[in-house]
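**Q** Starting off with a structure, shown below.
The values are calculated or read from the model by the stated rules, or taken from the named source; none is laboratory data. Every value quoted in this text rests on a predicted model; they were computed, and no experiment measured them. Cβ atoms come from the backbone with ideal geometry, glycine included; neighbour counts cover every protein chain shown.
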Amino acid sequence: MDDHSWMYRVFLDELRKMDYCNEIEGFINHALSNLRNISGGDIRYSLKRCKNKKQFDLDVGTMHLLQKEFMEKYLYWFAYGEPYLFTRPW
């Protein structure tokens, strides 16, 4: 299982912002690899307001990912085909 904690880090310097852009690119490639995320050329996004329900074209969606927050606690990309692993606190 990949570590998706990068989605919630605050990046203050330019180098780390570039890392974030690379992670966004990986997120989009992962989303594109699962056809159920694509409808009429638009892709579903996991933003705080969208919650995997709204779809945008690739360019608009990419800009939203770079400017807005991901939905809370979305560490398993279940809407993008990743299995949800339930871990017990004990």
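**Q** Exactly one of (1) surrounded by 12 or more Cβ atoms within 10 Å (Cβ to Cβ); (2) closer than 14 Å to D2 by Cβ; (3) modelled with pLDDT of 80 or more is unmet by H64. Its number?
**A** Going through (1) surrounded by 12 or more Cβ atoms within 10 Å (Cβ to Cβ); (2) closer than 14 Å to D2 by Cβ; (3) modelled with pLDDT of 80 or more one by one, H64 breaks only (2).
**Q** Quick one: in region 38-61, of everything that is within 12 Å of the chain's Cα centre (by Cα) and among the polar types (S, T, N, Q), which residue is surrounded by the fewest Cβ atoms within 10 Å (Cβ to Cβ)?
**A** Checked region 38-61; the qualifying residue surrounded by the fewest Cβ atoms within 10 Å (Cβ to Cβ) is N52.
**Q** Closer than 18 Å to L75 by Cβ, in contact with a strand residue (DSSP E or B) (Cβ under 9 Å, 6 or more places away or on another chain) and either in contact (Cβ under 8 Å) with a residue 24 or more places away in the chain or exposed (fewer than 15 other Cβ atoms within 10 Å of the Cβ) (or both): is that true of N34 in this structure? Working first, answer last.
**A** Working: closer than 18 Å to L75 by Cβ: yes; in contact with a strand residue (DSSP E or B) (Cβ under 9 Å, 6 or more places away or on another chain): no; either in contact (Cβ under 8 Å) with a residue 24 or more places away in the chain or exposed (fewer than 15 other Cβ atoms within 10 Å of the Cβ) (or both): yes.
So N34 fails the test.
**Q** Name every residue in region 26-61 that is over 16 Å from Y80 (Cα atoms) and not in a loop (DSSP other than H, G, I, E, B), in order of residue number.
**A** Those that are over 16 Å from Y80 (Cα atoms) and not in a loop (DSSP other than H, G, I, E, B): D59, V60.
**Q** Run N29 past the list (1) farther than 16 Å from D3 by Cβ; (2) modelled with pLDDT under 80; (3) among the polar types (S, T, N, Q) and report the number of the one that doesn't hold.
**A** (2)
**Q** Quick one: E23 ticks every box in (1) surrounded by fewer than 13 Cβ atoms within 10 Å (Cβ to Cβ); (2) part of a helix (DSSP H, G or I); (3) at pLDDT 80 or above except a single one, so which number is it?
**A** (1)
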